[in-house]
Amino acid sequence: MIQQTISLLKSIQSEHGPSAFACSFGLEDMVLLDMISKHARKIEIFTLDTGRLPNETLDLLDRVRDTYPVPIRVYFPDAKLVEEWVEQNGPNGFYRSVSQRKQCCHIRKVLPLGRALSGKKSWVTGLRREQSLARQGLQLQEWDEGNHLQKFSPLLEWSLEDTWAYIRENNVPYNALHDKGYPSIGCAPCTRAVEPGQDIRAGRWWWEETTAKECGLHAPK
């Protein structure tokens, strides 16, 4: 499985470039960052700093810069748009409704993603099929209509056990929040730990009733 994933990354680099990897420093993304830094360095690595990330995520970004010899581009949301949204909704207005939360995600994540992918022919994500019901229908390679490029999910068939095994066997640094009950990590005010046995995504936007919890980066077809 590892060699198949590496081969896919090499193929993306050579046949679907320029390509970029969206790294949010979760467990899966650290596996891909490690592989790309070792086997497919022409794939650009970038991250979206929403302005509300946990300190643990920012600490990992610093550690990654010291560990891996690859540049990591950081994209921030448009300051004016953030100011206007906060003025209208308050700093934590996303708790009030799903629509307000999605507005915040759109400004802080979706729009910066569009800038990061500008001029690219493909992008790489750390999505896994077992992460949620909403991701069951994903394909290893598919056309991303929203961003008008190919989208690859090289870890799609990996299990959580596969992911942890790679992290441990290759001494890959990972987010300290994973050891505190956070299987999925996003912005600090929108993420919390989950109880053993709970759904992987249960800690994301936990105040919302919907089961399809996405921020808009991976919009359903």
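The values are calculated or read from the model by the stated rules, or taken from the named source; none is laboratory data. For clarity, every value in this text was computed on a predicted model and none was experimentally measured. Cβ: placed from backbone, ideal geometry, glycine included. Neighbour counts: every protein chain shown. Areas reflect the complete protein model, heavy atoms only, side chains present, ligands, DNA and RNA absent. Shrake-Rupley method; radii C 1.70, N 1.55, O 1.52, S 1.80 Å.
Restricting the stretch 96-126 to residues that are more than 17 Å from the chain's Cα centre (by Cα) and not in a helix (DSSP H, G or I) leaves a set whose member that is nearest to LYS151 (Cα to Cα) is LYS121. All of (1) open to solvent by 20 Å² or more (accessible area, probe 1.4 Å); (2) in contact with a strand residue (DSSP E or B) (Cβ under 9 Å, 6 or more places away or on another chain); (3) assigned to a loop (DSSP other than H, G, I, E, B) hold for GLY137 with one exception: (2).
Looking only at the stretch 81-95, count how many residues are assigned to a helix (DSSP H, G or I) and surrounded by 12 or more Cβ atoms within 10 Å (Cβ to Cβ). Full working, then the answer.
Initial filter on the stretch 81-95 (assigned to a helix (DSSP H, G or I)): 81-89, 93-95.
This time we only want the ones that are surrounded by 12 or more Cβ atoms within 10 Å (Cβ to Cβ), so: 81-82, 84-86, 89, 93-95.
Adding up the residues that qualify gives 9.
Of all residues in the stretch 147-192, those satisfying the criterion of being touching a residue at least 40 places away in the same chain (Cβ under 8 Å) and among the charged types (D, E, K, R) are GLU157, ASP162.
For GLU56, state whether it is acidic (Asp, Glu) and touching a helix residue (DSSP H, G or I) at 6+ places or on another chain (Cβ under 7 Å).
Working: acidic (Asp, Glu): yes; touching a helix residue (DSSP H, G or I) at 6+ places or on another chain (Cβ under 7 Å): yes.
Yes: the conditions hold for GLU56.
Of all residues in the stretch 144-188, those satisfying the criterion of being of a type in the set (A, V, I, L, M, F, W, C) and part of a strand (DSSP E or B) are LEU149, PHE152. Taking first residues from the stretch 48-76 that are modelled with pLDDT of 95 or more and open to solvent by 90 Å² or more (accessible area, probe 1.4 Å) and partners that are assigned to a loop (DSSP other than H, G, I, E, B) and not β-branched (Val, Ile, Thr), the Cβ contacts under 8 Å between residues at least 6 apart in sequence or on separate chains come to ARG63/PRO173; PHE76/ASP49; PHE76/GLY51. Entry remark, the stretch 1-28: residues being of a type outside the set (A, V, I, L, M) and open to solvent by less than 10 Å² (accessible area, probe 1.4 Å) number 5 in total. I'm trying to understand the selection: among the residues of the stretch 140-184, which are in contact with a strand residue (DSSP E or B) (Cβ under 9 Å, 6 or more places away or on another chain) and open to solvent by 30 Å² or more (accessible area, probe 1.4 Å)? Within the stretch 140-184, LEU140, GLN141, TRP143, ASN147, GLN150, TYR182 qualify.
Residues in the stretch 86-97: is at least one farther than 24 Å from SER37 by Cα and of a type in the set (Asp, Glu)?
Start the filter on the stretch 86-97 by keeping residues that are farther than 24 Å from SER37 by Cα, which leaves 86-97.
From what's left, of a type in the set (Asp, Glu): 87.
Checked the stretch 86-97: at least one residue is farther than 24 Å from SER37 by Cα and of a type in the set (Asp, Glu).
Look at the stretch 103-130: where a residue is over 21 Å from LEU32 (Cα atoms) and a partner is among the polar types (S, T, N, Q) and in a loop (DSSP other than H, G, I, E, B), sitting 6+ places away or on another chain with Cβ atoms under 6 Å, you get ARG108/THR50.
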